[in-house]
Amino acid sequence: MKKFIIAALCLILITSCSAPQDSNTEKYSKTVYAMDTIMELTAYGRNAEAALKKAETEAKYLDALLSRGINGSEIYTLNHHGSAEVSAETAQLVTRALDISGNTGGAFDITIAPVMDLWGFFTKKFRVPSDTELSEALSAVNYQNVSVNGNTVTLSGGSQLDLGGIAKGYLSGKITEIFKNTGVSSAIISLGGNVQCLGKKPNGDMWKIAIQNPDGEGFIGTLSASDTAVITSGGYQRYFEQDGIIYHHIIDPKTGISAHSGLKSVSIITPDSTRADGLSTAVYVMGLDKAQELWHGDKSFDMVLMTDDNKVYITGGIADSFKSDFELNIIH
Ligand code: AMP
Ligand code: MG
């Protein structure tokens, strides 16, 4: 039996949030469906309603721009022609994705598209491919086949792009900007497993962002945060099962097979939501040791990692703000 689950990962706990007392803290929420994801947007204050409308428009706009499955999107056109002049926005996002590939030794690779197709993640008609099919598809997976020259993106070697590992992080950053520019100073954006908070709660408390336990009910822990993104990757989010084996949607570009690095949940915490999204996918592929190396070289982000044997590792920057029932191993 094949199973397919899209799980909402992070639950936002808006705890002890008493009813807003005046119009400046009035709560408005909107559910938006875009990028194959149910998005829950909440903003506070007198400008919130207008800001939410703009956010919905942006979500639909970026979906139509970046989704390779939408006929006529820039990525669809690029994939079908091998080269295309795209918007500055798409060119910049592709460039950022390539930078993350370079920084993660290719663990993050947006040319993963043909391999995703082979496993059926694109059509949702899942199947386990043969070794021959896999090695053929893998021959087109190499982020170095992508070049960006001004706004012209060119793909060589038959490569095709899939921005699924970074687009939602980019979108939550754009929505945060829209909220700020529309006069909203308190908001929380949840795009499936991706959460971004703007400011603090209207009552001045920090937001509480819970990271789902990949094994089911409950949480790995809860982060007190303001003005940041908490972006989670996990094999439990999208997968199918065949002959007792689980095949999930985060692929190791070296093998073309679901990554089994020893991590079952990776959350990246940084205000730069685009980077957080790329890194969450990459670190899931890289595993604990390489994740620590990456973090030591930079330290501009934080991480919450859960291993297959249920050990939880967090980086020092959130040692005081992350609460968990698990014993926490702090990475210094
Ligand atoms: P995320 O949930 O952010 O970890 O992204 C997973 C999605 O990114 C998948 O559904 C694919 O669209 C894409 N993807 C899978 N493996 C990779 C990879 N190694 N590098 C970049 N994108 C990937
Ligand atoms: Mg990602």
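Readers should treat all values here as calculations from the given coordinates under stated rules, not as data from a laboratory. Model, not experiment: these values are computed from the prediction. For neighbour counting, all protein chains shown are included, and Cβ atoms are generated from backbone atoms with ideal geometry for every residue, glycine included.
For the reader, a short list of remarks on this structure follows.
- Which of Gln144, Ser186, Gly69, positive extreme of dipole for the chain (C-beta unit charges): Ser186
- Using distinct alpha-carbon pairs, which all enter the 1/r mean, Kirkwood radius of the range 202-269 in Å: 14.0
- Overall form of the chain per C-alpha gyration tensor (a/c, 1.5; a/b vs b/c): oblate
- Cα centroid separation, the range 178-199 to the range 217-238 (Å): 16
- Rounded, prolate or oblate (a/c below 1.5 giving rounded, otherwise prolate when a/b exceeds b/c) for the range 257-332 by Cα gyration tensor: oblate
- Legend: helices of the chain (whole DSSP H runs) are marked when their alpha-carbon atoms reach 15 angstrom or more along the helix axis and their mean Kyte-Doolittle hydropathy is at least -0.5; marked are 48-66, 88-103, 167-181, 273-286.
- As a proxy for reagent exposure, ranking Thr281, Thr182, Thr315 by other Cβ atoms within 10 Å from fewest up yields Thr182, Thr315, Thr281.
- MRE, 222 nm, helices only [DSSP H, n ≥ 4, -39500 (n - 2.57), over the chain, to nearest 500]: -9000 deg cm²/dmol
- Residues considered: Ser233, Ser135, Ser186. Largest GNM mean-square fluctuation over the chain, using C-alpha springs under 10 Å, is found at Ser135.
- Expressed to the nearest 5 percent, the antiparallel share of DSSP beta bridges inside the chain is 95 percent.
- Against the rule of thumb 2.2 N^0.38 Å, how large the Cα Rg of the range 46-114 comes out: 1.35
- HN-Hα J in Hz across the range 151-156 - Karplus 6.51, -1.76, 1.60, θ = phi - 60°, x for Gly and Pro: 9, 9, 10, 10, 10, 10
- Percentage relative contact order, the chain, counting C-alpha pairs under 8 Å, at least six apart: 19
- Efficiency of FRET from Cβ geometry, Asn181 and Arg46, R₀ 25 Å, rounded to 0.05: 0.95
- A viscosity of 0.890 mPa s and a temperature of 25 °C, combined with the Kirkwood radius over Cα pairs in Stokes-Einstein, give a translational diffusion coefficient for the range 24-147 of 145 µm²/s.
- Prolate/oblate/rounded label for the range 97-175 (Cα gyration tensor, a/c 1.5): oblate
- Computed Kirkwood radius, in angstrom, where 1/r is averaged over Cα pairs of the range 140-265: 17.4
- Remark: His248, His260, His81 ranked as His81, His260, His248, counting other beta-carbon atoms within 10 Å and listing the fewest first.
- Other-chain or far-sequence residues with amide H under 5 Å of Gly221's (modelled H): Ile211
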